[in-house]
Amino acid sequence: MGAEFILIGLILVCGFYVAWNIGANDVANAMGTSVGSGALTLRRAVILAAIFEFAGAYIVGSNVAKTVRKGIFDPLEISNMYPPNEAPFILACGMIAALLAAGTWLLIATYMSWPVSTTHSIVGAVVGFGALALGFDGVLWDKVGLISAGWIVSPLISAVVAYVVFGILLKTVFYQRDPVAAARRVAPKLVFILMFVMTGLTSYKGLKPLWKKWEMNPEDPRFVLVVVTVAVVLGIIGFFVTKLSLSRTQPSPSDSKSKKNPALDADVSRSLAKTIKHLQRVRNNSTDEIQDRARQLLIDVESLQDKALDNITTNTDSDELRQVEKIFSVLQIFTACLVAFAHGSNDVANAIGPLAAAYQAVSEKAIIAESTTAPWMLLLGGVGIVIGLATWGWKVIKTVGEKITELTPSRGFSAEFAAAITILGASVLPIGLPISTTHTLVGAVLGVGLARGINALNLKTMRNIVAGWAITIPAGAILCMIFYFILKLIFVDSGWAVGG
């Protein structure tokens with residue numbers, strides 16, 4: 001009993017250890033855009049994370065945990081390869097090693113302010129244990145490939161969504177003569193979409209285990225109608241609440257025709273820059289009168305661009321843009337909640353999946369094909385995530401929120417909205433696909449930056465982030481193998497746990 005007691009203690013400590021590091025690294029990614037843009041203070045971000053991370057973990061988290069626990073290799077194969085009295089402890093040592101490996105790598109990455117993927121870390125660690133305990137062929141590489149595809153697809157999807165969303169905002173709000181009035185018109189509609197998506201996805205997919213418990217069929221048209229109706233009602237409520245709150249924001253009393261809009265000037269400047277390139281081509285490839293006219297036009301257009309650039313510089317801190325960003329600060333709070341919920345639903349599995357497998361193996365001294373994720377496990381993961389964000393999350397927040405591209409509430413809203421849709425959509429898939437919050441958030445921030453032009457991105461930071469992603473998987477696997485050898489030597493090879 002002494003060995004089993006120590007193993008269970010290790011399982012709980014290591015599960016919390018990983019959850020704490022997830023909070024320090026990955027939740028920082030989820031909340032980094034909000035804090036980096038100034039829409040939320042760190043204190044308020046922690047409070048929101050505490051509420052919505054728990055909600056995501058309890059409602060959706062157990063669905064994804066099953067894939068992390070059993071999707072990388074078949075645990076029953078361990079029973080076939082090892083003696084019955086050893087197999088459960090082999091699995092437990094492997095899962096504890098995976099937790100230790102993922103937590104240690106995340107600790108190093110957070111210390112270095114690197115936004116890495118906790119999903120990469122834990123899946124790489126589990127793959128390392130599976131390959132070591134069962135051999136290369138024992139790993140379900142088709143499942144690993146499916147999960148890996150999520151790591152590639154998710155940032156691409158979130159980047160495209162963020163690019164489109166921010167592009168629409170530029171055209172419908174920032175490039176308008178009166179951006180404040182435009183934002184007041186657009187914001188309630190955006191809130192309706194947010195509320196509809198959040199309610200629809202979580203109700204129809206996230207609550208699926210609850211519907212099964214109540215013997216309800218999610219494919220029943222009446223069920224779909226109820227979910228859609230609730231989503232529409234909450235969306236309408238959000239629409240009018242936002243409209244009411246914005247009614248207190250009074251437009252600037254100055255004449256709208258005389259307002260200076262640096263965002264509009266920036267669009268003009270980019271268009272003039274393209275015109276200059278075309279005129280330079282005409283000047284270089286023509287002769288006589290055409291060349292002379294092109295040369296004169298170049299002088300005129302370059303003068304206009306200098307004027308536009310001067311307007312951008314002198315009016316960057318305009319009252320109109322401050323009012324617009326204040327409006328989007330409210331919207332970003334909605335998206336921050338949605339991202340926190342989506343993160344809790346997905347990434348709590350990185351701590352709870354291996355924990356559940358190890359705890360079940362030790363407590364029952366058996367490897368069972370089907371097991372449940374206990375609520376206290378999700379509670380442990382949720383607490384660890386929130387504490388990790390509160391104590392050390394600021395390091396990665398600086399990288400995501402400040403060092404990839406300059407963020408404002410409107411840009412942060414676009415990035416968080418895109419990431420939330422991508423993460424939550426993947427978390428409620430029937431296969432429980434674990435994707436990387438880091439990849440998704442960084443992809444969304446990248447998409448927002450690209451919408452402003454390639455020069456808006458810090459390519460050096462992006463290069464370092466991608467390099468960190470590449471290192472994470474082998475680091476997790478190697479560390480897991482080392483920890484597994486040590487744990488197996490202590491608890492299995494010595495006969496301590498097996499004989500206990």
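Tally up the residues in region 444-459 that are part of a helix (DSSP H, G or I) and more than 16 Å from Thr335 (Cα to Cα), please. Total satisfying the criteria: 9. Filtering region 99-119 to residues that are hydroxyl-bearing (Ser, Thr, Tyr) and out of contact with any Lys or Arg (no Cβ under 8 Å at 6 or more places or on another chain) leaves Thr104, Ser117, Thr118, Thr119. Got at least one residue in region 148-162 being at pLDDT 80 or above, within 30 Å of Ile482 (Cα to Cα), surrounded by fewer than 18 Cβ atoms within 10 Å (Cβ to Cβ) and not acidic (Asp, Glu)? No - not one qualifying residue is present in region 148-162. Kindly establish whether Pro188 is modelled with pLDDT under 85 and in the same structural domain as Ile435 (by TED's automatic domain parsing). No: the conditions fail for Pro188. The residue that is modelled with the highest pLDDT, counting only those in region 462-500 that are within 19 Å of Ile152 (Cα to Cα) and polar (S, T, N, Q), is Thr472.
Region 294-406 holds helices (runs of 4 or more DSSP H) entirely within its bounds, and those carrying 2 or more residues that are at pLDDT 85 or above map to 319-364, 375-392. Regarding region 134-146, can at least one residue be identified that is touching a Leu at 6+ places or on another chain (Cβ under 9 Å), buried (at least 21 other Cβ atoms within 10 Å of the Cβ), in contact (Cβ under 8 Å) with a residue 12 or more places away in the chain and assigned to a helix (DSSP H, G or I)? No: region 134-146 contains no residue that is touching a Leu at 6+ places or on another chain (Cβ under 9 Å), buried (at least 21 other Cβ atoms within 10 Å of the Cβ), in contact (Cβ under 8 Å) with a residue 12 or more places away in the chain and assigned to a helix (DSSP H, G or I). Residues considered: Asp137, Asp178. Of these, the only one that is within 29 Å of Gly449 (Cβ to Cβ), of a type in the set (Asp, Glu) and modelled with pLDDT under 90 is Asp178.
If you go through region 101-126 and keep only what is farther than 22 Å from Val442 by Cβ and buried (at least 24 other Cβ atoms within 10 Å of the Cβ), you end up with Ala101, Val126. Can you tell me which residue within region 407-422, out of those that are in a helix (DSSP H, G or I) and of a type in the set (S, T, N, Q), is nearest to Leu321 (Cα to Cα)? Selected residue: Ser410. Just wondering, is there one or more residues in region 191-198 that are at pLDDT below 80 and buried (at least 23 other Cβ atoms within 10 Å of the Cβ)? Taking every residue of region 191-198 in turn, at least one turns out to be at pLDDT below 80 and buried (at least 23 other Cβ atoms within 10 Å of the Cβ).
The values are calculated or read from the model by the stated rules, or taken from the named source; none is laboratory data. Treat the numbers as computed from the prediction; the structure is a model and nothing was measured. Here Cβ is always computed from backbone atoms with ideal geometry, including for glycine, and neighbour counts include all displayed protein chains.
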